[in-house]
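> Okay, handing you the structure first.
Just so it is clear, none of the values below were taken in a lab; they were calculated from the coordinates. It should be emphasised that the depicted structure is a prediction, and the values quoted were computed from it without experimental measurement. Note: ideal-geometry Cβ built from the backbone for every residue, glycine included; neighbour counts use all protein chains shown.
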Amino acid sequence: MANTYTQLYIHYVFAVQNRLCLISPKWEEDLFKYINGIIEQQGHKLYIINGVHDHLHILISMNPKQSPSDLMYHTKRSSSLWINDNKLTSGKFSWQDGFGGFSLGKTQLTLKIKYIENQKEHHKKTSFREEYLKFLKEYEVDFDKRYIFKSIE
């Protein structure tokens with residue numbers, strides 16, 4: 001739409017189904033490149049992607065033509081298909097339902113980029129569960145724990 005100007009930064013967080021440790025350092029860089037391609041194809045700009053064995057963090061400048069839910073649907077669906085088509089895991093790979101999406105202002109980008117860059121170091125001390133609950137509380141998101149941590153516990 002003409003004369004539409006936006007600045008929408010979203011930090012997305014999503015996990016492997018049942019939070020299984022399936023993302024391998026051997027192929028994670030290829031996964032990150034593939035996801036970057038999906039995001040660009042959908043008309044958005046990726047600032048950074050990183051994660052650990054059971055979840056990912058993505059910081060994106062969003063194009064307002066698409067909803068966050070639609071973008072995450074395409075990103076998770078296409079990347080799951082790519083992982084399975086390339087037989088990168090021994091069984092069927094899938095992402096857990098849902099995602100976290102947290103909006104940022106431009107002044108917060110540098111700190112969030114550093115945070116995402118340091119995921120592997122960060123998760124030596126903090127679990128995904130602790131991290132995710134901290135985000136939900138920090139952003140004052142109402143949530144039901146029954147639907148956040150579906151796992152095989």
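> Inspect all residues belonging to the stretch 60-72 and state whether any of them is basic (Lys, Arg), within 22 Å of Glu121 (Cα to Cα) and out of contact with any Cys (no Cβ under 8 Å at 6 or more places or on another chain).
no
> Scan the stretch 59-101 residue by residue and report those that are assigned to a strand (DSSP E or B) and either aromatic (Phe, Trp, Tyr) or under 13 Å from the mean Cα position of the chain (by Cα) (or both).
The answer is Leu59, Ile60, Trp95, Gly100, Gly101.
> Collect the residues in the stretch 74-129 that are free of Cβ contacts under 8 Å to residues at least 60 places away in the same chain and aromatic (Phe, Trp, Tyr), keeping them in residue-number order.
Trp82, Tyr115
> Follow-up question, since we're still on this one. Out of the stretch 14-24, which residues are touching a His at 6+ places or on another chain (Cβ under 8 Å) and surrounded by fewer than 19 Cβ atoms within 10 Å (Cβ to Cβ)?
Cys21, Leu22, Ser24
> Please find, within the stretch 105-142, the residue that is surrounded by the most Cβ atoms within 10 Å (Cβ to Cβ) out of those that are among the hydroxyl-bearing types (Ser, Thr, Tyr) and outside any helix (DSSP H, G or I).
My answer is Tyr139.
> Condition first: within 14 Å of the chain's Cα centre (by Cα), touching a residue at least 40 places away in the same chain (Cβ under 8 Å) and in a helix (DSSP H, G or I). Now tell me which residues in the stretch 1-47 satisfy that.
The answer is Gln17, Arg19, Leu31, Tyr34, Ile35, Ile38.
> Scan the stretch 68-81 and give yes if some residue there is surrounded by 15 or more Cβ atoms within 10 Å (Cβ to Cβ), closer than 25 Å to Ile148 by Cα, of a type in the set (S, T, N, Q) and touching a His at 6+ places or on another chain (Cβ under 9 Å), otherwise no.
Within the stretch 68-81 (the criterion being surrounded by 15 or more Cβ atoms within 10 Å (Cβ to Cβ), closer than 25 Å to Ile148 by Cα, of a type in the set (S, T, N, Q) and touching a His at 6+ places or on another chain (Cβ under 9 Å)), the answer is no, since none of the residues qualifies.
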